[in-house]
């Protein structure tokens with residue numbers, strides 16, 4: 001049995017149909033792949049980070065700042081009160097202390113980003129040191145940090161959910 005030949009119009013129609021399906025698949029794949037690249041994530045790779053110090057003056061410390069610290073969130077006046085991750089502690093006298101914060105994307109200190117650090121002069125009293133992210137972190141951003149303050153043992157991993165979760169606001 002001989003198959004009847006298709007007309008030129010039929011062949012062009014079939015080729016066009018196949019090409020449309022092929023192009024549609026490529027466009028769909030590209031759109032889906034591009035969406036993952038362009039959607040915002042919790043990564044703070046584009047932010048600049050610096051330490052800032054607030055001193056409230058009051059202190060209950062006996063000089064051992066290792067036992068008086070705790071993680072908290074502090075409102076940043078430069079960004080209309082946007083909350084920034086912070087650590088608070090008490091000092092009996094003025095000191096320069098080496099501080100570092102191992103910074104991780106998401107909870108539980110798994111996806112390492114960077115370690116801001118420096119030798120910072122602190123006045124005596126109740127001190128709050130916070131990381132200023134510029135631009136500030138969006139409410140609900142999840143990150144974790146492991147702080148090290150001077151010669152104290154490193155703090156355990158602390159999870160931060162900016163503005164919507166733990167830890168609580170710093171006590172001033």
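Values as computed for the structure displayed
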item	result
Every residue from the stretch 77-124 that is assigned to a loop (DSSP other than H, G, I, E, B) and in contact (Cβ under 8 Å) with a residue 60 or more places away in the chain	106, 116, 123, 124
Condition check for residue 127: closer than 18 Å to residue 51 by Cβ, in a strand (DSSP E or B) and without any contact (Cβ under 8 Å) to a residue 40 or more places away in the chain	no
From the options 153, 138, 134, residue that is at negative phi and in contact with a strand residue (DSSP E or B) (Cβ under 6 Å, 6 or more places away or on another chain)	134
Conditions (1) more than 11 Å from the chain's Cα centre (by Cα); (2) on the phi > 0 side of the Ramachandran plot; number of the one not met by residue 128	(2)
Qualifying residue in the stretch 77-85 (condition: over 19 Å from residue 47 (Cα atoms) and either at pLDDT 95 or above or surrounded by 12 or more Cβ atoms within 10 Å (Cβ to Cβ) (or both))	no
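The values are calculated or read from the model by the stated rules, or taken from the named source; none is laboratory data. These figures come from a predicted structure and were not determined experimentally. Here the Cβ is made from the backbone with ideal geometry for all residues, glycine too, and neighbour counts use every protein chain on show.
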